[in-house]
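The values are calculated or read from the model by the stated rules, or taken from the named source; none is laboratory data. All values reported here derive from a predicted model rather than from experimental measurement. All Cβ positions, glycine included, derive from the backbone under ideal geometry; neighbour counts span all protein chains shown. The protein model used for the area step is the full one, side chains on, heavy atoms only, and it has no ligands, DNA or RNA in it. Shrake-Rupley method; radii C 1.70, N 1.55, O 1.52, S 1.80 Å.
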Amino acid sequence: MQQTHALVNALKRLLKTRAITYAELAQRIGVSEASVKRMFSQKQFTLQRLDQVLVAIGSDFAQLVAAVQSAQAAPTLITALTFEQEKEIIEDTRLFIVAVSALNLLPLEQILEIYDISEADAVKCLLRLDKIGFLELLPNNRVKLLVARTFAWIPNGPIHSYFKREAYDDYLNSQFDGESELLRLVNVMLSKKSTVALLERLKQVAVEFSQQHQEDARLPSSERRAISFMLAVRPWMPQTFKALLRQ
């Protein structure tokens with residue numbers, strides 16, 4: 001039964017990485033959405049049905065097994081730090097730089113090449129991050145990240161607040177008309193259901209670019225550049241509009 005759970009969970013992850021909903025899967029294999037939900041909740045698949053699902057999502061049994069093995073071999077990854085850990089990082093500029101560099105998959109050699117930080121200080125920072133559980137410092141000062149792809153700074157926490165200040169003062173101070181730049185402000189009126197769908201899609205976009213980040217890490221640093229993008233959604237109306245609302 002444990003292996004069945006592992007297979008179904010791996011299948012769920014394959015659906016998520018491909019941004020395929022239960023409703024879309026149901027349409028592809030010719031059954032109702034309720035039937036698909038029941039299969040996953042009860043974890044009951046015939047071999048024929050499993051084969052149908054894999055074909056429908058563009059996968060195969062070998063990939064499914066590989067996903068199971070990957071999940072079993074992987075250590076427990078953290079999705080967030082504590083408030084105290086973020087505060088410790090943000091209060092030490094060198095530690096903060098090394099932490100962000102590690103998230104960007106920069107090896108120690110490139111950190112030393114880019115920043116005016118001594119090797120001793122950089123290694124000391126890596127050891128502190130290892131103690132926190134942010135990464136594992138391996139022999140020859142190689143690094144293994146211990147954060148999940150869904151890792152995020154605490155909303156309104158020490159580091160999130162820092163980035164918000166930087167965004168107001170520096171990040172948005174651009175015409176956003178240069179190469180690799182884009183700014184779009186879209187105002188729409190959506191139902192609750194459509195709003196939920198929008199939020200889920202934006203979360204998926206963040207996951208997809210996190211995966212792309214992992215793949216591009218194999219390229220030499222000369223072929224990569226630091227790119228930052230913000231996803232922000234909330235009910236909002238300009239103050240000038242609010243001033244004219246009928247009481």
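Things to note:
- No other residue among GLN239, GLN204 is loosely packed, with under 10 Cβ neighbours inside 10 Å, more than 27 Å from GLU113 (Cα to Cα) and not β-branched (Val, Ile, Thr) apart from GLN239.
- Test: ARG94 is of a type in the set (Lys, Arg), farther than 14 Å from VAL143 by Cβ and modelled with pLDDT under 90: no
- Count - residues of segment 123-140 that are open to solvent by less than 40 Å² (accessible area, probe 1.4 Å), part of a helix (DSSP H, G or I) and among the aliphatic types (A, V, I, L, M): 4
- The residue that is farthest from the chain's Cα centre (by Cα), counting only those in segment 209-247 that are in contact (Cβ under 8 Å) with a residue 24 or more places away in the chain and more than 27 Å from ASN173 (Cα to Cα), is ALA217.
- Qualifying residue in segment 85-92 (condition: touching a Ser or Thr at 6+ places or on another chain (Cβ under 6 Å) and either of a type outside the set (Asp, Glu) or closer than 16 Å to THR21 by Cα (or both)): no
- Residue selected from segment 81-104 under the condition open to solvent by less than 50 Å² (accessible area, probe 1.4 Å) and outside any helix (DSSP H, G or I), by the criterion farthest from HIS160 (Cα to Cα): ASP92
- Filter pass, VAL196 being open to solvent by 70 Å² or more (accessible area, probe 1.4 Å), part of a loop (DSSP other than H, G, I, E, B) and not hydroxyl-bearing (Ser, Thr, Tyr): no
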